[in-house]
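Asks: I'd like to ask some things about the structure below.
The values are calculated or read from the model by the stated rules, or taken from the named source; none is laboratory data. Keep in mind the model is a prediction, meaning the values are calculated, not measured. We place every Cβ from the backbone using ideal geometry, glycine too, and count neighbours over all the protein chains shown.
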Amino acid sequence: MNYVDQFYTKIDSILKQIHNEQQDNIKKAADILVETVERGGIIQSFGSGHSFAAAIEVAGRAGGFVNSKAIKEFYGTNGWFEVIEGVGDAFIRLVDKRKEDCFIFISNSGKNPLHIDMAKYVKEQGNKLIVVTNLKESTNAKSLHSSGKKLYEFADVVLDNYGDPGDCVIDIPEYDMKTGATSSISAAFLLNSVVLHAIEKLVSKGIEPPIMKSANIEGGREYNEALMNKYKDRMHRV
């Protein structure tokens, strides 16, 4: 079986496992989003390095919640500072956050100080936290934070991406390496599932969900601008 076929088989298996085994956690995470919408809060997502791809899957896209934003690393999305303790504590204090907001943090390993510092502060402030991680790998990993804790230990809800150690699933035995990273696809599926459940719950309660339309369809940009007026004092802050 070639690399692409192997990858397809593995991704198919992971998505089925998520769909079959993560429904309770997905629905619990959706409840947090519903509560945030009802309270007029903002859904704030964060991922360092390549996990930023999952953060923007939640924020500012067609079909998602208008009241959402991705927290951007001030030094770019390369993850250089995620292993330095104290950076996250200073960084999260710069973020505009309020009691009605919820947070989504994405980290495959969940062992790095940046996310742990941020999660610790968010929970101390009383906000709800959803974590997307490779739970098996993170459980077995050694924390790089002085507390000895991993990111998932701060979460109100943990969403498991069911990845292999090191994220990649295709062996290249000739050169003793692996390729075929799965976490971006599984995180996108997990988070879109959460959003869909949240929207469905809002609709069932007779609440019109604040959903962003594509800016590429007629009237979409005007619709979004009108809807974002409700949150305009929040969306463009750090």
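Asks: Does Asn78 satisfy the condition of being among the polar types (S, T, N, Q), at pLDDT below 95 and in contact with a helix residue (DSSP H, G or I) (Cβ under 9 Å, 6 or more places away or on another chain)?
Replies: So Asn78 passes the test.
Asks: Would you call Ile18 in contact with a Ser or Thr (Cβ under 9 Å, 6 or more places away or on another chain), at pLDDT 95 or above and under 27 Å from Gly180 (Cβ atoms)?
Replies: Here the answer is yes, as Ile18 does meet what is asked.
Asks: Would the stretch 199-206 turn up any residue that is among the basic types (Lys, Arg), in contact with a strand residue (DSSP E or B) (Cβ under 7 Å, 6 or more places away or on another chain) and closer than 27 Å to Gly41 by Cα?
Replies: Checked the stretch 199-206: no residue is among the basic types (Lys, Arg), in contact with a strand residue (DSSP E or B) (Cβ under 7 Å, 6 or more places away or on another chain) and closer than 27 Å to Gly41 by Cα.
Asks: Can you tell me which residue among Asp31, Asp96 is over 23 Å from Arg221 (Cα atoms) and part of a helix (DSSP H, G or I)?
Replies: Asp31
Asks: So, one more: Check Phe91, Phe81 and return the single one that is part of a loop (DSSP other than H, G, I, E, B), touching a residue at least 12 places away in the same chain (Cβ under 8 Å) and either among the charged types (D, E, K, R) or surrounded by fewer than 22 Cβ atoms within 10 Å (Cβ to Cβ) (or both).
Replies: Checking each option against the conditions leaves just Phe81.
Asks: Please verify whether Asp164 is within 20 Å of the chain's Cα centre (by Cα) and modelled with pLDDT under 95, treating the condition exactly as stated.
Replies: So Asp164 passes the test.
Asks: Asp233 passes all but one of (1) more than 27 Å from Lys16 (Cα to Cα); (2) within 21 Å of the chain's Cα centre (by Cα); which number fails?
Replies: Only one criterion in (1) more than 27 Å from Lys16 (Cα to Cα); (2) within 21 Å of the chain's Cα centre (by Cα) is unmet by Asp233, namely (2).
Asks: While we're looking at this one, here's another question. For the stretch 186-238, name all the residues that are of a type in the set (Ser, Thr, Tyr) and closer than 17 Å to Lys28 by Cα.
Replies: Scanning the stretch 186-238 gives Ser193, Ser204.
Asks: Filter the stretch 196-238 down to the residues that are part of a helix (DSSP H, G or I) and acidic (Asp, Glu), then identify the one that is surrounded by the fewest Cβ atoms within 10 Å (Cβ to Cβ).
Replies: Top of the filtered list is Asp233.
Asks: Turning to a different aspect of this structure: Does the stretch 63-74 include one or more residues that are more than 14 Å from the chain's Cα centre (by Cα) and among the aliphatic types (A, V, I, L, M)?
Replies: Within the stretch 63-74, one or more residues are more than 14 Å from the chain's Cα centre (by Cα) and among the aliphatic types (A, V, I, L, M).
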